[in-house]
Amino acid sequence: MSARLLRRVLKEQDEQRLSSSNLIRDAGGGGGGIGGIGGDEVEEESDSPIAGAPSRNLFDLLDDGGSEEDTANVSTEDISEKQQYVVTKSSDVVPAINRRSKKKKKKNKEIQKFAKGKVEESLDSILEELSIDVKASNENICHSAKERNENVIDATKKQVGSSILTADPKHLKAESELRKIFGSRVVNSFENNEIGGNLRQMHGGRRAIHNPRRTILVTPSSYWPRWDGSLSMELIEIKDGLHYFRYLHSAPYSHAQEAFEAAKSANDLNAIAGILAHYPYHIESLLTFAEVFKFSGEHQSSADVLAKCLFALECAWHPLFSPMQTNSQLKYIHDTNKPFFSALFSHMKNLDRRGCHRSALEVCKFLLSLDYDDPKGALLCIDYFSLRAQEYRWLEEFVDEYRSDNSLWLFPNFSYSLAFARFFMERESSSSGESAGQTEKASSTELMKQALMLHPLVLQKLVAKAPLKDSIWTQILKNSFFGSAKAGSPTLEHLISIYAERSYLIWRLPELQNLLKEAALQVIESFKESSSEAKDWACVRKEAFSSEKNEYSHLLVSDFSDTIPTIPPEELRQFMVGPHLEEIHPGGEGDANPQVAHATHEVAGRNAAVVFLESLLPWVHYGERRAHGEEEDQNRQ
């Protein structure tokens with residue numbers, strides 16, 4: 001109903017009330033009537049308008065759809081009749097509604113009081129029963145809680161250790177870090193030149209360029225062959241929230257693996273190259289050529305072959321397997337999983353040589369999260385990569401959270417690397433004015449003193465390997481504690497050798513040499529006052545590494561070295577010649593230089609891919625036999 005119509009109805013309602021009250025008053029005053037008309041006639045006249053009123057729908061008043069002209073044409077009589085009817089009906093209905101609402105309110109109040117009483121009684125009774133049950137079964141609950149805690153300890157250790165090992169996919173690829181260092185233009189131009197050079201090296205024919213699938217670990221090249229699906233991965237089991245996976249070989253891949261084992265036993269690289277011609281993503285063959293390129297000095301070719309190998313291994317991943325999910329386990333005990341560990345470890349070292357230390361750190365995290373037994377020794381180099389990547393806070397968090405027993409600081413690499421990290425954190429905090437927060441932690445000098453007292457043999461190795469040529473180091477090594485220091489166990493001696501080989505470059509920094517020198521001098525002064533402290537640290541070292549056998553004998557010191565020994569071609573040529581190739585040009589009487597004899601190969605009638613792989617090797621030459629034969633024919637003629 002519109003506001004104008006509502007005001008009009010209310011006004012007419014007031015007028016109707018006044019008129020009705022006046023009519024009642026006049027009817028009561030004129031009892032004898034006028035002109036012989038009695039009181040009954042007046043009653044009939046007063047009742048006639050109401051009784052004779054036509055029945056109308058009350059919802060017509062709610063109609064707002066009419067125009068103003070329609071509302072203006074509404075007769076006052078109809079409105080008065082409607083309002084009179086509404087008033088009479090509402091006067092009768094409102095008291096009844098009030099009565100019903102009062103009764104309902106009373107009933108609701110009584111029901112609420114009764115319900116509250118019942119709830120209080122029920123709660124009291126339940127609490128009494130629970131208190132009795134708790135008192136009766138308190139011992140059983142404690143016993144079951146202990147059992148549950150013991151069962152959950154291992155799972156929580158794994159979860160805490162795995163959370164700190166979550167790899168960041170943004171830093172896994174070397175290209176992203178190289179773009180931050182050199183800029184995107186330089187990297188893009190280098191990649192374009194590299195692709196063009198690789199395409200020009202194709203011996204004849206055209207190679208279709210396609211867009212390979214995107215991967216996380218490496219960036220595939222467009223000239224690589226399409227993924228053939230020869231590898232796959234299966235989910236073995238789910239235990240304690242960890243998913244255990246294993247690589248699977250298809251029937252053609254198994255056939256290629258048998259051929260590879262035969263070629264490997266014969267030391268025939270030609271046969272391995274033939275395997276790659278038919279199966280371009282055979283992992284063991286690719287790893288073999290990566291090692292050959294590395295020892296021959298072709299580091300870029302070795303990195304490319306490793307990237308191709310990782311591309312094939314990643315294409316075979318299970319949908320639930322991901323480096324961002326640290327609940328994925330790929331145990332090293334399965335033979336089909338071992339090439340993945342070897343490829344990741346070699347790829348990590350290549351990233352370090354290229355200066356991509358943050359990418360190497362992320363790959364090392366991923367490698368360690370695959371198998372907590374650490375078959376490749378990722379724990380022995382993860383501290384080095386974190387320091388080179390300037391991830392000092394992460395290193396401290398890793399030592400605190402990876403193992404609940406806090407035994408990582410007993411290893412020689414972590415004991416010295418923690419002092420290194422604390423030193424640079426102190427320097428950063430002093431430059432930013434946040435030195436108040438570091439008062440609760442031990443200083444870098446104290447950590448370095450602990451490391452020297454725990455592993456004094458490291459100082460000998462660093463002075464000889466770095467090398468540290470200052471005269472003060474000769475005086476320090478003359479002290480009996482450092483000069484005659486011994487590891488005490490073959491395990492510890494092997495770990496110290498690996499640390500010195502891996503991290504000696506860090507100790508060439510002058511500020512770290514000063515830190516090491518001050519800490520060593522303080523250790524010598526403290527031992528002059530009390531010699532019992534040296535015995536205490538020797539006991540700690542003996543208890544931490546008590547095994548009489550070398551527990552890390554499967555890890556070679558050369559695997560953690562940056563220096564790669566190169567093998568001359570005359571020593572590698574025997575691996576390119578199998579049992580079926582008998583003619584070898586050894587150094588004879590007619591050779592001017594007997595050490596430069598090479599195995600010769602023919603090009604005609606051979607596979608182009610095999611010829612291309614052989615052409616990358618520096619000791620392979622083509623057409624020498626034909627040249628010598630033509631010279632002999634000419635001389636005869």
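The numbers here are math on the coordinates, done by the rules we state, and not lab data. Please read these numbers as outputs of a predicted model, since none were measured by experiment. Positions of Cβ are generated from backbone atoms using ideal geometry, with glycine treated the same way; all protein chains shown enter the neighbour counts.
So here's what we get for this one:
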item	result
Cα-projected label distance for S526 with S443, points at 7 Å along beta-carbon direction, nm	1.2
Rounded if a/c under 1.5, otherwise prolate or oblate - the stretch 353-482, Cα gyration tensor axes	oblate
Extension gain, S484 back to I333 (0.36 nm per residue minus Cα-Cα distance, nm)	50.3 nm
Overall form of the stretch 470-525 per C-alpha gyration tensor (a/c, 1.5; a/b vs b/c)	oblate
The stretch 252-331: C-alpha gyration tensor shape, a/c 1.5 cut-off, then a/b vs b/c	oblate
Spatial separation of Cα centroids for the stretch 341-380 and the stretch 501-572, in angstrom	21
Nearest-0.05 FRET efficiency for F424 and E291, computed from C-beta distance (R0 60 Å)	0.95
5 angstrom amide H check on Q329, placed H, neighbours 5+ away	H243, Y244, F245
Residue pairs, from the table K294/K461; K180/K294; K331/K365; K441/K478; K365/K486; K449/K528, whose Cα atoms sit over 25 Å apart	K294/K461; K180/K294; K441/K478; K365/K486
